[in-house]
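Right, one structure below, let's go through it.
Laboratory data are not the source of any read-out in this text; all were calculated from the coordinates shown. Since the structure is predicted, the reported quantities are computational estimates derived from the model, not experimental observations. Cβ: placed from backbone, ideal geometry, glycine included. Neighbour counts: every protein chain shown.
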Amino acid sequence: MQLTFKTTLTSPQPYSSMSSADYLALLNANKDKIYGGSFGVYLARKVTVDNQQLFQPLMDIDGAVGLEGTDKTISAIQFAQLTLKVISDLEAADHFKIIATGGTGFRAVSNLLLNRSAYFALVDWLRCQMTHLHDLNPSTQTDFPHQVFAYKGDPLQTQKTLTDGHSTVIDKNMLAQSAFTFDDYLRETAGRPDPDEVISVVQWLIDGPVISDLKAIGPLGKRIEQYQRIAADVSVNPFSYANLRKDMEPIGLSAMQDMIAERGIISKVEKRGEAQAISFRGRPCPVCGNPTANARAYPPGYQLKCFNVNCEAHNGMGILPHVLRISEQYHSLF
């Protein structure tokens, strides 16, 4: 495995890259610096295994927006419990570790190695159904090394107020039983990191299984396949699209706007007629490109309708499948 990493929060580009064996050797040679705090573990989601680009999921679990201090950490604990429940219900808990960051939140990291299509389908599932995860940058920025382990008492590892806290793996049984408290968070993360724990988790990530058949990971694989089908079937009509999503949460206007913005399609959320919609008033229709066609799409089905009679979407087209097709074509270039 070839991986991309950095050792401090502000390490500049270009980021370092080396084989997993060499990286483990680097960690072992720097145990004192890991303990001291000057050496952190920041890993990119994208790795290379036998000349194949693969991706390992990471979910950022922070407290609710607008909260501070104790309240933010308590909120993050609740969101971590919710995340674990969803993962457990999909029979995938063994493939994830929940790491308290040492600040106020958590990271859920997985040792699954997914191909590009499966990984981005998983990210779309997070966006649509894990709405408590309000920062998906650590998931979507696949080339950028995001924090896995760091000591929050070293200025190289945080831009916030220094605190004597470190990242550490949390017992999933305590979270699952709702027995994990704010005091537990402070106690578990207090002090400096354990280099042996850090190295063992990195080894676990490196040893993760390459998932060539999503059926091998049970219900989670089935969920990923659902989102792959949405992305692949550009000609999905509103009825089959609704059937495909019947067991899924509806996508909110803001989530849909963010989703298509990540594909380079700019829209507005505004009232069109009697209801709020994803609106392209004064902007190019994402299908025909006409900037005066005033295309729009209403929730929950987001069937794109364009006033240009020559547009494929004049009589309606599923916006989500179309946008995800654009995304797949874009990602295939890299």
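Per residue, the Cα convex hull of the range 112-238 amounts to 165 Å³.
Where does the chain land at 222 nm, in deg cm²/dmol rounded to the nearest 500, when only DSSP H runs of n ≥ 4 count, each adding -39500 (n - 2.57), divided by all residues?
Dividing the helical sum by the residues of the chain leaves -11000 deg cm²/dmol.
Hydrodynamic analysis of the range 84-140 uses the Kirkwood radius over alpha carbon pairs. Inserted into Stokes-Einstein at 37 °C and 0.692 mPa s, it gives a translational diffusion coefficient of 266 µm²/s. Fewest-first ordering of His166, His146 by other beta carbons within 10 Å of each residue's beta carbon gives His146, His166.
Going down the list Lys46/Lys215; Lys6/Lys31; Lys6/Lys46, which pairs span over 19 Å between their C-alpha atoms? From Lys46/Lys215; Lys6/Lys31; Lys6/Lys46, over 19 Å: Lys46/Lys215.
Of Lys97/Lys172; Lys72/Lys97; Lys72/Lys160, which sit over 19 Å apart, Cα to Cα? Result: Lys72/Lys97 exceed 19 Å.
Both radii come from the Cα set of the chain: Rg as radius of gyration, Rh as Kirkwood radius; their ratio Rg/Rh reads 1.00. Here the label points at Ala179 and Ser200, each 7 Å from Cα along the C-beta direction, are separated by 1.9 nm in the simple model.
Over the chain, Cα pairs under 8 Å with separation of 6+ residues give a relative contact order of 16 percent. Going by neighbour counts of Cβ atoms within 10 Å, the residues Trp204, Trp125 line up, fewest first, as Trp204, Trp125. Listed from fewest to most Cβ neighbours within 10 Å, the set Cys128, Cys288 follows the order Cys288, Cys128.
Could you estimate the translational diffusion coefficient of the range 1-62 from the Stokes-Einstein equation, with Rh from the Kirkwood formula over C-alpha pairs, at 10 °C and 1.306 mPa s, in whole µm²/s?
Details: Rh = 12.7 Å.
Using the Kirkwood radius from Cα pairs, D works out to 125 µm²/s.
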